[in-house]
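A short write-up of the structure that comes next.
Every number in this text was worked out from the coordinates using simple rules, so none of it is lab data. Remember, it's a predicted structure, so these values are computed and weren't measured experimentally. For neighbour counting, all protein chains shown are included, and Cβ atoms are generated from backbone atoms with ideal geometry for every residue, glycine included.
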Amino acid sequence: MFVVLLGPPGAGKGTQAQRIAEATKLLHISTGDMFRENVKNETELGKLAKTFMDRGELVPDEVTIRMLLERIGRPGAAAGVMFDGFPRNVVQAQALDDALAARGNRIDRALLISVPDEELLARLGGRWICRDCGHLYHERNDPPKTAGKCDHCGGELYQREDDRPEVVQTRLDKQKPPAALIDHYRAAGSLREIDGQRSLDAVTASLLEAIG
Ligand code: AP5
């Protein structure tokens, strides 16, 4: 099964992708995590991506699509994938459709998580992430047992550079899923819309139900 998670920055895509991947054993592929890994390792791709990420803008399609296609060409991605943060527009969606079609697969479900802007601002401002295992926390909604420390692996928690208020506003202005992308999956019959302004468990249950 191949699933895409759509939603604005802070909607809960990463949090829910981690939970669903654990429950379904789908491989979780996050283009945001891939870019952050490249930034951390100071690769050429990371240096380029950082110039866009720091401004709250999307990394150019050509670069993003090449990275994603290379990733899904590797072993482990054949049985099923949960895509988190990809695609962001119709060009990326079409490239993914074409790549999957070439191996006899397709996107089975596109799950759109909706959350109002004021809640997104609060979520991104309070997000903390484990440096070692990537587990996501929120200082108010889903805090770790010990402040600054991951419950799962004991790693140090940090806040993302692009969660600064001035960058968050640009991300919310420029990075909501465009109507054409939503229409792309509606036309294919794979779109399911999920109310993301509920508890973590309620959203997970709705997503799992939509996946079937
Ligand atoms: P990316 O990492 O994908 O960022 P994003 O889309 O902005 O999404 P976020 O990771 O900020 O939010 P999320 O929806 O995953 O929410 P989360 O689960 O963390 O991309 C980063 C950058 O990389 C982009 O800006 C762009 O430059 C580049 N990039 C990536 N993909 C690209 C692409 N395809 N094309 C071009 N460029 C690309 O949750 C947020 C917080 O809320 C957490 O603290 C969490 O604990 C909390 N929370 C979650 N759910 C709930 C709930 N139900 N109730 C209460 N709190 C909740």
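The figures follow:
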{"quantity": "Point-charge dipole on Cβ atoms (K/R +1, D/E -1) for the chain, about Cα centre, debye to 20", "calculated": "300 debye"}
{"quantity": "Cα-projected label distance for ALA122 with VAL63, points at 7 Å along beta-carbon direction, nm", "calculated": "3.5 nm"}
{"quantity": "5 angstrom amide H check on HIS28, placed H, neighbours 5+ away", "calculated": "MET82"}
{"quantity": "Distance violations [Cα-Cα > 25 Å] among LYS25/LYS176; LYS25/LYS174; LYS145/LYS174; LYS13/LYS174; LYS25/LYS50", "calculated": "LYS25/LYS176; LYS25/LYS174; LYS145/LYS174; LYS25/LYS50"}
{"quantity": "Label-to-label distance, nm, for residues given as GLU42 and ALA187 (7 Å Cα→Cβ offset)", "calculated": "4.6 nm"}
{"quantity": "Hz values of 3J(HN,Hα) by residue in the range 195-212 - Karplus curve (6.51, -1.76, 1.60), Gly and Pro given as x", "calculated": "6, x, 9, 9, 5, 3, 5, 5, 5, 4, 4, 5, 5, 5, 5, 5, 6, x"}
{"quantity": "Fraction of alpha-carbon pairs over 16 Å apart in the range 50-135 - percent", "calculated": "67 percent"}
{"quantity": "Spin-label proximity, ASP142 to the range 187-212 - amide N less than 12 Å from point 7 Å beyond Cα toward beta carbon", "calculated": "198-205"}
{"quantity": "Percent antiparallel among DSSP beta bridges (both partners in the range 87-212, rounded to 5)", "calculated": "60 percent"}
{"quantity": "Qualifying aspartates and glutamates (Cα of each under 14 Å from Cα of LYS47; at least 8 residues distant if same chain)", "calculated": "GLU37"}
{"quantity": "Charge dipole magnitude, Cβ of K and R +1, D and E -1 - the range 5-89, Cα centre, debye nearest 20", "calculated": "180 debye"}
